[in-house]
Amino acid sequence: MNVISLDSIFGLGEMKSQPAPEASGCTTSSCGSSDGPSDMAPEVWEKVKNHPCYSEEAHHYYARMHVAVAPACNIQCNYCNRKYDCANESRPGVVSEKLTAEQAVRKVLAVAAEIPQLSVVGIAGPGDSLAAGAKQTIQTFEQLSQLAPDIKLCLSTNGLALPGYVDRLKGLNIDHVTITINMVDPEVGQHIYPWIFHDHKRWTGIEASRILHERQMLGLEMLRDAGILAKINSVMIPGINDEHLLDVNREVKARGAFLHNIMPLISDAAHGTHFGLTGQRGPTAKELKALQDKCEGDMKLMRHCRQCRADAVGLLGEDRGDEFTAEKVMQMDVDLDGGGFTKRETYREHVEAERALRHESKAAAIAEVAHMAGEKPILIAVATKGGERINEHFGHAKEFQIYEVNAKGAKFVGHRRVDLYCEGGSGDEDGLGTIIQAINDCVAVFVAKIGGCPSKSLEEAGIDPVDRFAFEYIEESALAYYADYSAQLSSGSIVEKIGADAVIRQGAYTSKRA
């Protein structure tokens, strides 16, 4: 039996067909693969299986879309600077254009007709989705729930106004809400939040943080009681809340949060935030991973977050927003009756067939390395366009996905943004150095194709450029490489790589030849 590649279904790019593996009897994430239906209650799996932010596995296949209908905010964060008409930054709080509810709905239907991977529409700003009475947020969701009921609806909020809207959200069939919670101690919070606006009054200092904390905890408990899944976003700010996030993790877990996402502070001075202008640094890759590892336990940790813009469109790690500006959407012949429902349904059917075989394939690959239980884990960087495959040219990669590999499996642990190495048919040697800095804690980098010059530079940096697994599945390839790497270590033919701490790239891809 052959699996038709997902890329070939709707012209997403080149892939190989893959023979189905022999069933091994183990298809769950207990073998080290991504969470699947055996790891949670059936009703929870149905909620998360196609949500790219709530399921690491889903993010390889499904796209999200943010509509910027919420410009106002009721708190000020020292790491935030909301920017409008901004096309050159990729971080929360920035958009190229603000939308009305009517514009947002038309844009969603246009995108849904063109991008069959679209499974989720969220409202994440550029302010707070529930500030200023949440009028545009509610109107947008009301219309979308009628016109495109197959698309999941979700929102992000700081939680200050959340307790007043939980019942309304449940009535709109919204079953995913993200709350940004950076502290559970007002003493810590006062260094993150200069002020909040609550109950018709501006509050500052510890009192502002106390009110915010109490409202966040109440809102989280209400979501739990309403059966709405809660994801918690926390920004890691070294020297302010980095160690404190262990307390945050414990408290939100106790109140029923489904997922915890610990993100690095984006603090480039060019962004104009308080932290950026005062020199507050963000964490290194090693610091971020160490904290995430400490927090990982009964509650799931999200490690595939891209800290998206408030108007992001497409798969995580890509942004196709420029294709769907308000002006362009107004000129499109938009299907107001579901926007390409049949195409999305066909795509999802293919994904489900692919995923069932993927679980079997991963389990079989893990069985091949089970005897190496004592070996140390390694990190591998992967150039991919999605579909859980190694299907991107080294020079075309805007990010590398990072996998931690050992005998228990290959686990996605993060991503590293980079600038393109190849533009206009030639390589940027200055840019190559920044790419190496971004992945220099990795033993190898998996690519679909790579040129001789970057290969040589990577080898000199102690990173093995690997293209022999081109267009194959990532996790199975990583495990095969791990088996070979471990054998070479044991024979003494290679020495263990001791990687440096990688640099977390601030912001998004920028063209050096623009």
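Could you check the range 461-490 and list, in sequence order, the residues that are open to solvent by less than 30 Å² (accessible area, probe 1.4 Å) and farther than 22 Å from Ala448 by Cβ?
Hit for the range 461-490 is Ser486, nothing else.
Within the range 382-409, track down each residue that is assigned to a helix (DSSP H, G or I) and either without any contact (Cβ under 8 Å) to a residue 60 or more places away in the chain or surrounded by fewer than 22 Cβ atoms within 10 Å (Cβ to Cβ) (or both).
Applying the first criterion (assigned to a helix (DSSP H, G or I)) to the range 382-409 yields 394-396.
Matches in the range 382-409: Gly395, His396.
Would you tally the residues in the range 179-207 being free of Cβ contacts under 8 Å to residues at least 40 places away in the same chain and open to solvent by less than 20 Å² (accessible area, probe 1.4 Å)?
Adding up the residues that qualify gives 1.
Given the structure, is Asp322 out of contact with any Asp or Glu (no Cβ under 7 Å at 6 or more places or on another chain), assigned to a helix (DSSP H, G or I) and either modelled with pLDDT under 80 or open to solvent by 10 Å² or more (accessible area, probe 1.4 Å) (or both)?
Yes, satisfied.
Can you tell me which residues in the range 175-217 are farther than 21 Å from Leu155 by Cβ and polar (S, T, N, Q)?
Gln190, Thr204, Ser209
Check the range 444-455 and report whether any residue there is of a type in the set (Val, Ile, Thr), at pLDDT 95 or above and either under 13 Å from Leu379 (Cα atoms) or open to solvent by 30 Å² or more (accessible area, probe 1.4 Å) (or both).
Yes; the residues of the range 444-455 include at least one that is of a type in the set (Val, Ile, Thr), at pLDDT 95 or above and either under 13 Å from Leu379 (Cα atoms) or open to solvent by 30 Å² or more (accessible area, probe 1.4 Å) (or both).
Please find, among Ala131, Ala87, the residue that is at pLDDT 90 or above and surrounded by fewer than 24 Cβ atoms within 10 Å (Cβ to Cβ).
Values: Ala87 fails: at pLDDT 90 or above.
The unique qualifying residue is Ala131.
Among the residues of the range 168-207, write down those that are under 15 Å from Ala131 (Cβ atoms), of a type outside the set (Val, Ile, Thr) and touching a Lys or Arg at 6+ places or on another chain (Cβ under 8 Å).
Trp195, His198 - these are the residues of the range 168-207 that are under 15 Å from Ala131 (Cβ atoms), of a type outside the set (Val, Ile, Thr) and touching a Lys or Arg at 6+ places or on another chain (Cβ under 8 Å).
Looking at the range 491-505, which of the residues that are among the small types (Gly, Ala, Ser) and surrounded by 13 or more Cβ atoms within 10 Å (Cβ to Cβ) is nearest to Ala438 (Cα to Cα)?
Taking the candidates together, the pick is Ala502.
The values are calculated or read from the model by the stated rules, or taken from the named source; none is laboratory data. Remember, it's a predicted structure, so these values are computed and weren't measured experimentally. Note that we place each Cβ from the backbone using ideal geometry, even for glycine, and neighbour counts take in every protein chain shown. Heads up: the accessible areas ignore ligands, DNA and RNA and are worked out on the full protein's heavy atoms, side chains in. Shrake-Rupley method; radii C 1.70, N 1.55, O 1.52, S 1.80 Å.
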